[in-house]
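Laboratory data are not the source of any read-out in this text; all were calculated from the coordinates shown. Since the model is a prediction, treat every value here as computed from it, not as a measurement. Here the Cβ positions follow ideal geometry from the backbone for every residue, glycine too, while neighbour counts run over all protein chains shown.
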Amino acid sequence: MGLYQWLFKYLWLYGLVEPKTGDSFFYEFSHLDTACFEKFLELFSQAYSNEIHIIQLDNGRAHLGLDLSIPDNIILLFQPPYCQ
């Protein structure tokens, strides 16, 4: 018997779904942080640049970064803590 360090590959799946139509937009990222979330918003904004989007979010740390830059066609709507 010997020691073995298991290697795991993992990723974070960022996604948005339009409730009425079921249309979706997903991207895989290496981290769950403000930088990746900002890039995700940028990609979404570019893909759907001709519309204004309201995105409902929890109060996760990645969503609340002080240096987060939000595209002009996106409005972030944060749900109250412990909301069901």
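Structural remarks
- Cα gyration tensor category, rounded, prolate or oblate, for the chain with a/c compared to 1.5: prolate
- Given R0 = 25 Å, the distance between the Cβ atoms of Ser45 and Lys20 translates into a calculated FRET efficiency of 0.80.
- Computed helical MRE - 222 nm, the chain, DSSP H runs ≥ 4 contributing -39500 (n - 2.57), nearest 500: -5500 deg cm²/dmol
- Tilt relative to the chain, helix 34-47 - C-alpha long axis, 0 to 90 degrees, to 10: 50 degrees
- Neighbourhood net charge (15 Å Cβ-Cβ; Lys/Arg +1, Asp/Glu -1) for Ser49: -3
- Think of the chain as having a plus end and a minus end, set by charges on the Cβ of Lys, Arg, Asp and Glu; of Ala47, Leu76, Leu64, Leu64 sits farthest toward the positive end of this dipole.
- Length-normalised contact order of the chain in % [C-alpha pairs under 8 Å, at least 6 apart]: 25 percent
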